[in-house]
Amino acid sequence: AQSVTQLGSHVSVSEGALVLLRCNYSSSVPPYLFWYVQYPNQGLQLLLKYTSAATLVKGINGFEAEFKKSETSFHLTKPSAHMSDAAEYFCAVSGLSNYQLIWGAGTKLIIKP
Amino acid sequence: NAGVTQTPKFQVLKTGQSMTLQCAQDMNHEYMSWYRQDPGMGLRLIHYSVGAGITDQGEVPNGYNVSRSTTEDFPLRLLSAAPSQTSVYFCASSYDSQPLNSPLHFGNGTRLTVT
C-alpha cells in the first residue's frame with residue numbers, strides 16, 4: 001500500500017540556516033513524489049515533483065529535493081531559510097490509482113529571527 | 001484570475017443538518033476533487049471528478065455526496081452532519097484528468113464545525 005511519513009510535525013530553524021524536512025514513502029509501484037506548501041489561511045501550492053527523471057529536483061523559492069530509492073526518501077532542503085518560508089509543508093506520493101495522491105501529515109516550518 | 005473559489009469560508013452546523021459546500025474554478029480544468037484536512041492526518045480525498053458527469057469516491061466518501069453538472073462547479077453535500085465531519089475542507093483542481101501530470105490548484109478552504 002502507498003503511504004507517506006513525514007518526520008517531525010514541527011521543525012524550527014534560524015533565519016539563514018539550512019532547512020531539512022524529511023519524507024519517507026512506501027510504494028508498490030514506481031512513485032511520483034510531490035512537495036506542496038501551505039501558507040497560513042491559504043490552500044496548498046506545488047513546490048516540486050519527482051517523476052522518475054532526474055533524482056535531484058529543483059522547485060520554486062530555492063527548494064530542492066532528492067529522490068533516494070534505496071532509502072525510500074524524498075527529503076526537502078533549502079540552503080538558507082527566509083522568514084517568508086514559514087509555512088506547513090506536505091509530502092505526497094502517487095496512489096495505486098492515477099487519480100489519487102496519498103498525503104503525509106505535514107511539517108510546520110518555524111523560522112526564528 | 002479567480003482560480004479555485006470556495007464558499008463559505010466558515011460554517012457552523014448542528015448535528016443532523018445538511019449543507020452544500022461550493023467550489024468553482026475558472027481554468028477549464030478537467031479534474032476536481034474534495035479533501036478534508038484534519039490535524040496530524042494530512043489531506044484525505046473524499047470524492048473526485050475527471051469531467052462533467054463523472055464522479056468517483058476517494059478514501060473517505062461516507063456521509064458526502066458530489067455531482068459535476070458543469071466543468072466549472074463541483075459542490076460537496078453533507079447529507080446529515082456529524083461532529084466527526086468537523087474539519088477544514090479543500091477543493092482542488094488540475095488541468096490534466098490525472099493529478100500526477102499537472103499541479104493541483106487549491107481553494108482557500110472552508111472551516112466547518114459541527115456541534
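Measuring from a point 7 Å past the Cα of B:R111 along Cα-to-C-beta, which residues in segment B:51-89 have an amide N at less than 15 Å? Label zone hits: B:86-89. Residues whose amide H lies under 5 Å from that of B:A81, counting only those 5 or more places away or on a different chain, are B:G16, B:Q17, B:S18; hydrogens are built 1.01 Å from N in the peptide plane.
Taken along the Cα-to-beta-carbon direction at a fixed 7 Å, the label points for A:V29 and B:M19 span 3.7 nm. Counted by neighbouring Cβ atoms within 10 Å, the residues B:R36, B:R77, B:R44 run from fewest to most as B:R77, B:R44, B:R36.
Each of B:V12, B:V60 was scored by other Cβ atoms within 10 Å of its Cβ. Listed from fewest to most, they are B:V12, B:V60. Under 5 Å from the amide H of A:Y32 lie the amide H atoms of A:S94, each residue being 5 or more positions distant or on a separate chain, with H modelled from the backbone and absent for Pro and chain starts. The GluC sites (Glu not before Pro) found in segment A:57-113 that occupy coil by DSSP, while having at most 12 further C-beta atoms within 10 Å, are A:E71. Cross-link pairs exceeding 19 Å in C-alpha to C-alpha distance, out of A:K49/B:K9; A:K49/A:K78; A:K49/A:K69, comprise A:K49/B:K9.
Phi-derived couplings, Karplus 6.51 cos²θ - 1.76 cosθ + 1.60 at θ = phi - 60°, listed residue by residue for segment B:93-110: 9, 9, 5, 7, 5, 10, x, 6, 9, 8, x, 7, 10, 9, x, 8, x, 10 Hz, with x used for Gly and Pro.
All of the numbers you see were taken from the coordinates with simple rules; none came from a lab. Treat the numbers as computed from the prediction; the structure is a model and nothing was measured. Cβ atoms come from the backbone with ideal geometry, glycine included; neighbour counts cover every protein chain shown.
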